[in-house]
Amino acid sequence: MGKLAVLSLSVAALAVLIGERLITLRLVDVSYQCGAEDITILENGLAFLSTCVKHPDLPSYSDDPGKIYTLNLMDSKMKIKALNVKGDFDKDSFNPHGISLYTDDKVGAVYLFVVNHPQGNSQVEIFRFVEDENALQYIKTIKHELLHNVNDIVAVGTESFYATNDHYFTNGILKFVEPFLSLPWCDVVYYSPQTVQVVAGGFLLANGINISPDKRHLYVADLLKHKIVVLKIQNNTVLSHVKEVDVGSLCDNIEVDRESGDLWLGCHPNGRNWLLQDPNDPPGSEVIRIENILSEKPKVTQMYADDGSVIIASSVATPYGGKLLIGTVYQKALICDLK
């Protein structure tokens, strides 16, 4: 078994000028070289981290199955905790990727939706968060032929969501060559128990997805186009194209500030390094913020960047309470004090 470091904040307090602010960086060993590919946060500051995703084209430094961790950003001790999974669920093949939280305000229940790739397949798991037991109660698994290469997900109901497919082909060789052919065949799928259909297409590589605080717009990262695509939700299955915002980087996951509506993007600044995955010349990391995305002139700002010397292959960034939590595909996580 690999070591699971209980967020012993391996902290080397580094002062760095980022986005014209002096901030303090704290490295977070989420697990031993396992990464936190996606992160999302509840309103109370409890962050959920999806760790140890295994992908045939990426390095993997742990044979352990994936886990979901929580991290209370309001706790000065910053202790990370692995969530126990209850119910009839195969934990040994758990390979979590994108995640999304949904709160049912009527009953106060919190649901965690997880993209899972057991044995390289694609399916969506739905859990209910049991806070007093620090556990996830398994509810159901969703499989569908349209959910064939799921990357990310945004939940919009207790059993409904939008999801991105990051490839059109399912054959391993065809999936590998697909990005080099510039085929705009990736899509967004809407799922509910009553309806499953493709609601948007034309993406070269549809990656992260999220929704605006007022639930009126979807944001989709088209990684190979270096753009964030804005879609207006007419109804659940009817979306209209609004605009595309250039970000100048290979953007992965999208988190939305629930107060300001700003988008925070975990990005890969160097496509060549990302493709080659050379440990002697590692992929760098970059965080981009988009303010006023629906305006005529959205403001795109680089909030963090490094050449891989601090963290490798950033995939998500999400702010909370003056902190910025940055996750990576297969390495570590980073907490920045935005003060």
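The values are calculated or read from the model by the stated rules, or taken from the named source; none is laboratory data. If you're wondering where the values come from, they're calculated on a predicted model, not measured in any experiment. Backbone-built Cβ (ideal geometry, glycine too); neighbour counts: all protein chains shown. We work out accessible area using only protein heavy atoms, side chains counted, and drop any ligands, DNA or RNA first. Shrake-Rupley method; radii C 1.70, N 1.55, O 1.52, S 1.80 Å.
Annotation note: Cβ proximity below 7 Å between a residue of the stretch 62-87 that is modelled with pLDDT under 90 and part of a loop (DSSP other than H, G, I, E, B) and a residue that is open to solvent by 60 Å² or more (accessible area, probe 1.4 Å) and hydrophobic (A, V, I, L, M, F, W, C) (sequence gap 6+ or interchain) occurs for Asp64/Met1; Lys79/Val6.
Per-residue answers, yes or no, for (1) in contact with an Asp or Glu (Cβ under 8 Å, 6 or more places away or on another chain); (2) under 25 Å from Arg216 (Cα atoms); (3) touching a residue at least 12 places away in the same chain (Cβ under 8 Å):
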residue: Val124; (1), (2), (3): no, yes, yes
residue: Asn149; (1), (2), (3): yes, no, yes
residue: Tyr168; (1), (2), (3): yes, no, yes
residue: Leu174; (1), (2), (3): no, no, no
residue: Val177; (1), (2), (3): no, no, no
residue: Ser192; (1), (2), (3): yes, yes, yes
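Here the stretch 255-298 is the region considered, the condition is being assigned to a strand (DSSP E or B) and among the aliphatic types (A, V, I, L, M), and the residue that is farthest from Pro213 (Cα to Cα) is Val287. Selection of the stretch 122-136 for residues being under 18 Å from the mean Cα position of the chain (by Cα) and of a type outside the set (Asp, Glu) yields Ser122, Gln123, Val124, Ile126, Phe127.
Filtering the stretch 228-243 for residues that are part of a strand (DSSP E or B), under 16 Å from Pro319 (Cβ atoms) and in contact with a Leu (Cβ under 7 Å, 6 or more places away or on another chain) leaves an empty set. For the stretch 130-187, filtering for residues that are open to solvent by less than 20 Å² (accessible area, probe 1.4 Å), assigned to a strand (DSSP E or B) and touching a Phe, Trp or Tyr at 6+ places or on another chain (Cβ under 6 Å) leaves 7. Among the residues of the stretch 299-321, are any touching a helix residue (DSSP H, G or I) at 6+ places or on another chain (Cβ under 8 Å), among the charged types (D, E, K, R) and part of a strand (DSSP E or B)? Among the residues of the stretch 299-321, not one is touching a helix residue (DSSP H, G or I) at 6+ places or on another chain (Cβ under 8 Å), among the charged types (D, E, K, R) and part of a strand (DSSP E or B), which makes the answer no.
Return yes when Lys86 is basic (Lys, Arg) and loosely packed, with under 14 Cβ neighbours inside 10 Å and no when it is not. Judged against the criteria, Lys86 is not a match.
Looking only at residues of the stretch 115-129 that are of a type in the set (S, T, N, Q) and open to solvent by 10 Å² or more (accessible area, probe 1.4 Å), we find that the one that is nearest to Asp92 (Cα to Cα) is Gln119. Looking only at the stretch 302-318, which residues are open to solvent by 30 Å² or more (accessible area, probe 1.4 Å) and of a type outside the set (A, V, I, L, M, F, W, C)? Hits for the stretch 302-318 are Gln302, Asp307, Ser309. Count of the stretch 275-290 residues, restricted to those that are farther than 22 Å from Ile153 by Cα and either surrounded by 19 or more Cβ atoms within 10 Å (Cβ to Cβ) or modelled with pLDDT of 95 or more (or both), is 4. Across the stretch 103-122, the number of residues qualifying as closer than 19 Å to Val188 by Cα and assigned to a strand (DSSP E or B) comes to 4. Among the residues of the stretch 95-114, those identified as closer than 22 Å to Ser212 by Cβ, open to solvent by less than 20 Å² (accessible area, probe 1.4 Å) and touching a residue at least 60 places away in the same chain (Cβ under 8 Å) are Gly98, Ile99, Ser100, Leu112.
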